[in-house]
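Worksheet for the structure shown next.
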Amino acid sequence: MQVIHTAIWTTDLERMKEFFIDEIGLEHTKDFVGDDGVTNYYVGGEDGATIQLKHDPDEDTTVDPSGVAHIAISVDDSEGLADRLTERDDCRIVDGPKTFDDGVSEKRIAFVEGPDGYVFELEQTLE
């Protein structure tokens, strides 16, 4: 069993694509428009799990990220990426960067609120 994807709504698909691809470094994996007219755009990394960005261009969609604590993404440099993201006007650091030991390995983590208010944990495994 494995996690396949996490789906989130967005009010601005182009902004979120730029955030995930240009800033985070994920890759576009697939996209389609459903029978309901909703655009479904997928980004992912090396492990196969993806984030599905859902956007309805015909609706004035409001995004309510309540109930989603955060979405964790493995990165090479959590502090550097967090600093770079906060140079954008739609991102801010919520917590960290800080070192954390989960009992398996030591990690350097930072929590960044991104476009549409979702919080992303940028997790770097330390050697």
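The values are calculated or read from the model by the stated rules, or taken from the named source; none is laboratory data. Here the structure is a predicted model, which is why all the values come from computation and not from measurement. Using ideal geometry, Cβ is built from the backbone for each residue, glycine included, and neighbour counts are taken over all protein chains shown.
Here is a yes/no grid of residues against (1) buried (at least 17 other Cβ atoms within 10 Å of the Cβ); (2) of a type in the set (S, T, N, Q):
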| site | (1), (2) |
| --- | --- |
| 86 | no, yes |
| 95 | no, no |
| 106 | no, no |
| 111 | yes, no |
| 115 | yes, no |
| 120 | yes, no |
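Against the criterion of being touching a helix residue (DSSP H, G or I) at 6+ places or on another chain (Cβ under 6 Å), of a type in the set (A, V, I, L, M), surrounded by 18 or more Cβ atoms within 10 Å (Cβ to Cβ) and closer than 24 Å to residue 7 by Cα, residue 82 does not qualify.
Whether a residue is free of Cβ contacts under 8 Å to residues at least 24 places away in the same chain, loosely packed, with under 14 Cβ neighbours inside 10 Å and either in contact with a helix residue (DSSP H, G or I) (Cβ under 8 Å, 6 or more places away or on another chain) or in the same structural domain as residue 117 (by TED's automatic domain parsing) (or both) was assessed, and residue 27 passes this test. Taking residue 72 as the residue in question, decide whether it is outside the structural domain of residue 51 (by TED's automatic domain parsing) and either touching a Leu at 6+ places or on another chain (Cβ under 6 Å) or not aliphatic (A, V, I, L, M) (or both). For residue 72, the condition - outside the structural domain of residue 51 (by TED's automatic domain parsing) and either touching a Leu at 6+ places or on another chain (Cβ under 6 Å) or not aliphatic (A, V, I, L, M) (or both) - is not met. Consider residue 48 carefully, then state whether it is closer than 21 Å to residue 3 by Cβ, within 15 Å of the chain's Cα centre (by Cα), surrounded by fewer than 14 Cβ atoms within 10 Å (Cβ to Cβ) and in contact (Cβ under 8 Å) with a residue 24 or more places away in the chain. The answer is yes for residue 48. In this structure, residue 115 does not qualify as farther than 16 Å from residue 24 by Cβ and within 15 Å of the chain's Cα centre (by Cα).
Among the residues of the stretch 20-42, the one identified as within 14 Å of residue 75 (Cβ to Cβ) and touching a Gly at 6+ places or on another chain (Cβ under 6 Å) is 26.
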